[in-house]
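The values are calculated or read from the model by the stated rules, or taken from the named source; none is laboratory data. Computed from a predicted structure; not experimentally measured. Cβ sites come from the backbone with ideal geometry, for glycine too, and all protein chains shown count toward neighbours. When the accessible area is computed, the model is the full protein with side chains, heavy atoms only, and any ligands, DNA or RNA have been set aside. Shrake-Rupley method; radii C 1.70, N 1.55, O 1.52, S 1.80 Å.
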Amino acid sequence: MTDNAVKFFVGNIIHCPAKLQTELIENGYVAVLKNQIIAVGDASTLPSQLEQLEANYKIQTIYLRKSQILIPGLIDTHIHAPQYPNAGLGYDKTLLDWLDCYTFKLERQYKDLKFAKKVFDAIVKKTLQHGTTTACYFASLFTDASLVLVDSVIEYGQRALVGKVNMTLSPFSDYVETEEESFQNTLAFVNNVLSRKVDLVQPIITPRFALSCNLEHMSELGTIAKNNNLFVQTHISENVDEVAMVYETYGMSYAEVYDKSKLLTEKTILAHGIYLSDDELQLIAARKCSISHCPGSNTCLKSGLCDVRNILNYNIKMGLGTDVSGGPSPSICAAMRSALTTSVHLSFSEENYKPLTYTDVFYLATLGGAEALGLDNKIGNFRTGKEFDALIVDVDVDDTEVDYLLPCNPMEILQKFVYCGDDRNIVSVFVGGKLVKEGNTKFT
Ligand code: GUN
Ligand code: FE
C-alpha cells in the first residue's frame, strides 16, 4: 500500500468509546492517512466521503469479511521481556522463591547481548503476532541489553515503553548494581532512548519493587522520571509474604513506601495490587496512578485473586498485563480470559458480586490499557485524530464458513474471540498505520 493513500477499512467495527463502554459500528468505516485516523463513520456515507477525497488522494479500500471485525490493538501494560524463555516454567514456587530460584538466574544471562537479541526479537515478534500493538516492558538490569530490546521494538514496529530494571538487592552479586551505578545507568539509558527520537518508543523508569531498592534509591529514580517527564513502573502488593516483608522492612504499607519515595504520580503503573487496603487504594486513586491487572501470573504463582471491580470503583485507571513469565502466555487475549476466570472465582465467595463480562475485559485490553499508560490521547479506540493501532480479527480463518459460524453477529464474533481466540484469528495487525502482521485480508 502506498503511504500517501487514504485507506478505508470497511466492515463491522468494535471499540470502547469510554470506560467500560463498548460500541459497535455496524457496516462502518475507519479512514486512515499515514499513521492517523482521519474519519470514522457509517459506510452508507462512503460514496460522498470518497468523492471529496478522490481529487487529492489515492484511495484504498479494505473490505472486511462477514466473519471479521476491526478492533483496536491490544495493550500489554506489564511484561518482562528477558523472562520469555521461562514462560510456563517454575510454577512450583511462589513469588519470592520463584524470583530467587528461576527468574534472577535467567535474567543474569543478559550480559550476553547475542542471547539478548535472540530472545528480544522473539518476544517482540510473538507479542505482535498475538495482537499486542503496545507493550510496557521491564527490560534488563544491564543497560546494553535493555537497549537491545529498544532495537527490537523499533525493528519490528511495536509501540512500547521500555524500562531498564533497577535493583541493588538480589541473591546474586553479579545481578545487582550499586545505587550510583543504577542512577547513572538509568540516566544513560533514558538519554540513549530519547536521542533516537522514535515516536513509538519511550523510556520508562523501573525500580523493580520495594524489596529490591531502598527509599533513597527509589526517590532518586523518581527524580529522573520527574525531570524527564517519564512514566514509572513497579510491582505492588502481589503476594502475602512479600507484603509482610515490605511492612517489616519499612514499617509502613506498600503504597506508603512508594508515596514516601515520591513514586506515586499520575504517570505511575503499579503491577498486581491484589492485597491493597482501602487506605492504600484511596491513596493510589488520589495520586492518579494506574494498576496493571496480571491475572495469568496471579494464578500461576498462586499470588491471589485481584478484585478488578473494587479497584475500578475507586476510579483507578486499569489495564491488563501478561507479566511474562510470572504469567505463562504472551497473549493479551489469554489475559482477557484469565481476568474473566478470576472474576468468576471471586463471585463464588462474595455475595451479589457481578463478574466481569467479555466487553469489560475488552475495555481493559484496549482503552483501559491506553489510559493506564497515558496514551489514551493517541490510541485505545477509533477516535478521529488518534493513531491507527488496530487488528482485523477473523473467527473463520479456516475458510470453512461452517453453519454454526454463519449466524454470528459482530458482538458474537468479539465474544468468540475473547473466549476462544488466539493468534491465528488475528489476521492483520497495524501499529501507527503500518501493517506489521499480514493476514488474508482482501485489499482492493
Ligand atoms: N516482583 C519483583 N520482580 C518481579 C517479577 O519479575 N515478576 C513478578 N511477577 N513480580 C515481581
Ligand atoms: Fe511483573
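Just a few scattered comments:
- Residue match in region 144-151 (condition: closer than 19 Å to I205 by Cβ and open to solvent by 20 Å² or more (accessible area, probe 1.4 Å)): yes
- All of S290, S338, S325 fail the test of being open to solvent by 10 Å² or more (accessible area, probe 1.4 Å), within 16 Å of ligand 2 (Cβ to nearest atom) and either under 23 Å from I426 (Cα atoms) or touching a strand residue (DSSP E or B) at 6+ places or on another chain (Cβ under 8 Å) (or both), apart from S338.
- Number of residues in region 25-64 that are open to solvent by less than 30 Å² (accessible area, probe 1.4 Å) and either hydroxyl-bearing (S, T, Y) or touching a helix residue (DSSP H, G or I) at 6+ places or on another chain (Cβ under 8 Å) (or both) equals 6.
- Condition check for L276: within 16 Å of ligand 1 (Cβ to nearest atom), assigned to a loop (DSSP other than H, G, I, E, B) and open to solvent by 10 Å² or more (accessible area, probe 1.4 Å): yes
- Within region 45-67, if we keep just the residues that are part of a loop (DSSP other than H, G, I, E, B) and more than 19 Å from I392 (Cβ to Cβ), the residue that is modelled with the highest pLDDT turns out to be Y57.
- Positions within region 192-218 being assigned to a helix (DSSP H, G or I), open to solvent by less than 10 Å² (accessible area, probe 1.4 Å) and closer than 16 Å to V153 by Cβ, in sequence order: V193
One line per residue, one yes/no per condition, for (1) modelled with pLDDT of 95 or more; (2) among the polar types (S, T, N, Q); (3) within 16 Å of ligand 1 (Cβ to nearest atom); (4) outside any helix (DSSP H, G or I):
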residue	(1), (2), (3), (4)
V243	yes, no, yes, no
V246	yes, no, yes, no
V257	yes, no, yes, no
L263	yes, no, yes, yes
S292	yes, yes, yes, yes
N298	yes, yes, yes, no
N315	yes, yes, no, yes
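- Taking first residues from region 132-145 that are free of Cβ contacts under 8 Å to residues at least 12 places away in the same chain and at positive phi and partners that are open to solvent by 10 Å² or more (accessible area, probe 1.4 Å) and not in a loop (DSSP other than H, G, I, E, B), no Cβ contact under 6 Å between residues at least 6 apart in sequence or on separate chains turns up.
- In region 224-242, the residues that are within 14 Å of F138 (Cβ to Cβ) form Cβ pairs under 6 Å with partners that are more than 16 Å from ligand 2 (Cβ to nearest atom) and in a helix (DSSP H, G or I), at six or more places apart or across chains, as follows: V232/A225.
- Test for L221: is it open to solvent by less than 30 Å² (accessible area, probe 1.4 Å) and away from ligand 2 (no atom under 16 Å from the Cβ): yes
- Of all residues in region 172-187 being acidic (D, E) and outside any helix (DSSP H, G or I), the one that is nearest to L106 (Cα to Cα): D174
- Of the residues making up region 326-351, those that are under 23 Å from I75 (Cβ atoms) and not aliphatic (A, V, I, L, M) number 12.
- Being away from ligand 1 (no atom under 15 Å from the Cβ), closer than 25 Å to S428 by Cα, outside any helix (DSSP H, G or I) and open to solvent by less than 10 Å² (accessible area, probe 1.4 Å) holds for only one residue in T127, T134, and it is T134.
- Note on region 224-270: residues that are among the acidic types (D, E), more than 16 Å from ligand 2 (Cβ to nearest atom) and open to solvent by less than 10 Å² (accessible area, probe 1.4 Å) amount to 0.
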